[in-house]
Amino acid sequence: MRSDGNLAVMSLRRTALALLVLIGLIAPGDALKCNCTNCEKSGYECETDGACMASTSYIKGQEQHVRICIPRESLIPPGQPIYCLSAEGVLNTHCCYTDYCNSVDLQVPNGVPKHESWPGTPGSWGPVELVAVIAGPVFVFCLLLIVGVFLFQHHQRNYNHRQRLDVEDPSCDHLYLAKDKTLQDLIFDLSTSGSGSGLPLFVQRTVARTIVLQEIIGKGRFGEVWRGKWRGGDVAVKIFSSREERSWFREAEIYQTIMLRHENILGFIAADNKDNGTWTQLWLVSDYHEHGSLFDYLNHYSVTIEGMIKLALSAASGLAHLHMEILGTQGKPGIAHRDLKSKNILVKKNGTCAIADLGLAVRHESITDTIDIAPNQRVGTKRYMAPEVLDETINMKHFDSFKCADIYALGLVYWEIARRCNAGGIHEEYQLPYYDLVPSDPSIEEMRKVVCDQRLRPNVPNWWQSYEALRVMGKIMRECWYANGAARLTALRIKKTLSQLSVQEDVKM
Ligand SMILES: Nc1ncnc2c1ncn2[C@@H]1O[C@H](COP(=O)(O)OP(=O)(O)OP(=O)(O)O)[C@@H](O)[C@H]1O
Ligand SMILES: [Mg+2]
């Protein structure tokens, strides 16, 4: 028994064939003439090089007779061509090979109820179905062709893209990240030969992603700071929470200002934003300094006169470099820190300072005399805000105003250092500036009353006058704290004064 599927295939083929003959796509060969029920135009006759065929079936309750020509190439398989097969109980078919031999009247096959029809019989199809039979496969074929062409082009594009990326891709890092290189080598090689703004971004990413975090070492406003390991050396990793993305971006941007690198500015290594699917991890990788911040350091240790001068002079050198504009193609813009305080200065192993946390800094574009971001009125830490910041009289159009505000804060940091200076066996306990005048987390209003209204400043003890170094430090502080920002010392002036002092006191930097 043949399946319905087979019958459907047979019927479909037969119909398509009849149609092709009908529309003249198959040129009849010479010889055999047959009756043709569908060939009105040629007098119900057709010619073929194959066989004549007659078939009878029931369609929609009606007895249908079809007579057509079958071309030779369609007579497959040779012994029993599928076009010539009857379907038991459904379709009676007869093929023959003499002229008009298909004029026979076949009987409707047994078992077909008079009211039923076999839906797949060609005679039951109207013009719409016939068009669908031909147009359908053509349409599917075209669709497959279009999809094929599209996939091919897509593949080609991806391939070309990959080829291009391979040049910049981290897979090329081995060119830069030779196994024996330390971070210092890398930064020296690439920042000195390159733009002077640090490692290429893809090297930054690779370094960041091969750091192994060790322990948390601090928490600040923007996230956590970790000690991490890279190739056996320590690095500091500041991890920003995802809502602090702007701060992360800004800090990375400032650190990558061309020619910023300086021994007294925290050495930036890499920025990376890693999306783990749920949240984005924002990393800022820098040199690690085991003493931590100057705040931590002064809390733990008192310092000698020499130690004080080293800290003060190096901090002034860092700030002078930050503030200074260097002209030329390999120059740097002037930068104001805007959040200078002892927690944002790190202490290096050799007892010198590195200024850190540049996230709030602003850069001066001297050609247009503008500032690179719209500076908001009051940023930074309230305790360290200059009087003109507290009372909002600062001229924000003038870049130097921000430098003057930094100098005020530097004076407060010097006061914190000098208090911890051990001269003649005396030193004071560590205290934050204004510890005796404002509460622990002062409001702007509380600070303004003390600093602007009462014009109070941290106390400079008289005994400091007995020691040249402390006397000089006291004098510098006062000149950093003037209410009038423009009257304050510059970082460069302070650096020069302290350099002289270091020579006088025979300090080895
Ligand atoms: N590069 C570093 N090396 C060693 N310790 C560091 C480094 N950077 C930061 N720390 C430590 O992590 C602490 C937190 O730093 P972070 O800058 O996040 O906050 P903060 O300076 O204490 O406060 P703020 O958010 O107000 O800046 C620092 O106080 C310091 O002890
Ligand atoms: Mg900080």
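For the reader, a short list of remarks on this structure follows.
- Index of the failed condition, residue 299 passing every other in (1) in a helix (DSSP H, G or I); (2) away from ligand 2 (no atom under 16 Å from the Cβ); (3) of a type in the set (S, T, N, Q): (2)
- There is no residue in segment 390-412 that is more than 43 Å from the chain's Cα centre (by Cα) and touching a residue at least 40 places away in the same chain (Cβ under 8 Å).
- Residue that is nearest to residue 502 (Cα to Cα), among those in segment 310-344 that are within 10 Å of ligand 1 (Cβ to nearest atom) and among the basic types (Lys, Arg): 341
- Selected residue [without any contact (Cβ under 8 Å) to a residue 40 or more places away in the chain and among the β-branched types (Val, Ile, Thr)] from 257, 280: 280
- Each residue in segment 345-364 was checked for being open to solvent by less than 10 Å² (accessible area, probe 1.4 Å), outside any strand (DSSP E or B) and within 9 Å of ligand 1 (Cβ to nearest atom), and 1 of them qualify.
- Test result for residue 287, among the charged types (D, E, K, R), surrounded by 19 or more Cβ atoms within 10 Å (Cβ to Cβ) and closer than 15 Å to residue 349 by Cβ: yes
- Residues that are open to solvent by 70 Å² or more (accessible area, probe 1.4 Å) and of a type outside the set (S, T, N, Q) were ranked within segment 46-76; the one that is modelled with the highest pLDDT is 47.
- Selected residue [away from ligand 2 (no atom under 14 Å from the Cβ) and buried (at least 22 other Cβ atoms within 10 Å of the Cβ)] from 235, 212: 235
- The residues on offer are 260, 282, 201, and the sole one that is closer than 17 Å to residue 359 by Cβ and away from ligand 1 (no atom under 13 Å from the Cβ) is 260.
- Looking only at residues of segment 327-342 that are under 31 Å from the mean Cα position of the chain (by Cα) and open to solvent by 40 Å² or more (accessible area, probe 1.4 Å), we find that the one that is farthest from ligand 2 (Cβ to nearest atom) is 329.
The values are calculated or read from the model by the stated rules, or taken from the named source; none is laboratory data. Keep in mind the model is a prediction, meaning the values are calculated, not measured. A quick note on method: Cβ atoms are made from the backbone with ideal geometry, for glycine too, and the neighbour counts reach across all protein chains shown. Note: accessible area is taken over every heavy atom of the protein model, side chains too, but ligands, DNA and RNA are not part of it. Shrake-Rupley method; radii C 1.70, N 1.55, O 1.52, S 1.80 Å.
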